[in-house]
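The values are calculated or read from the model by the stated rules, or taken from the named source; none is laboratory data. Keep in mind that what you see is a predicted model, and the values were worked out from it rather than measured. When we count neighbours, we look across all protein chains shown, and the Cβ atoms used for this are built from the backbone with ideal geometry, even at glycine. Calculation scope for accessible area: heavy atoms of the full protein, side chains included, ligands and nucleic acids excluded. Shrake-Rupley method; radii C 1.70, N 1.55, O 1.52, S 1.80 Å.
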Amino acid sequence: MERVGFAMKLQPGQEAEYRRRHAAVWPELLAELRAAGARNYSIYLRGDDLFGYLEVEDFGRFRRHMAASAVNDRWQNEMQGLIDPLTDPDTGFHRRLDEVFHLE
């Protein structure tokens, strides 16, 4: 199991709208994330810093699946203007964080 931590930035003044949209994440997006192999997916917010965490068996497969997903494209379009995804140009995914500690 691969644990993936990543960072994003919330645009100033968008906290309430970001929270509102995540209170009702589309069921089809949730299904797509599960089909891509994601588990234990969480997003945390502090100020304008967003921290995401998920677990996958194969991160490359997960990225390929989500990159080909029309529902993910729609969701990403919905998030434009609310966040800076801090995309890593090498992976097309958010900037990953280095794991420092994990209690199994």
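The residues in segment 61-80 that are surrounded by 10 or more Cβ atoms within 10 Å (Cβ to Cβ) and under 23 Å from Gln14 (Cα atoms) can be counted, and the count is 9. Output the residue which, of all residues in segment 5-24 that are over 22 Å from Leu97 (Cα atoms) and of a type in the set (Lys, Arg), is least open to solvent (accessible area, probe 1.4 Å). Going through the qualifying residues, I end up with Arg21. Residues in segment 29-50 that are in contact (Cβ under 8 Å) with a residue 40 or more places away in the chain and farther than 18 Å from Arg63 by Cβ were compared, and the one that is surrounded by the most Cβ atoms within 10 Å (Cβ to Cβ) is Leu50.
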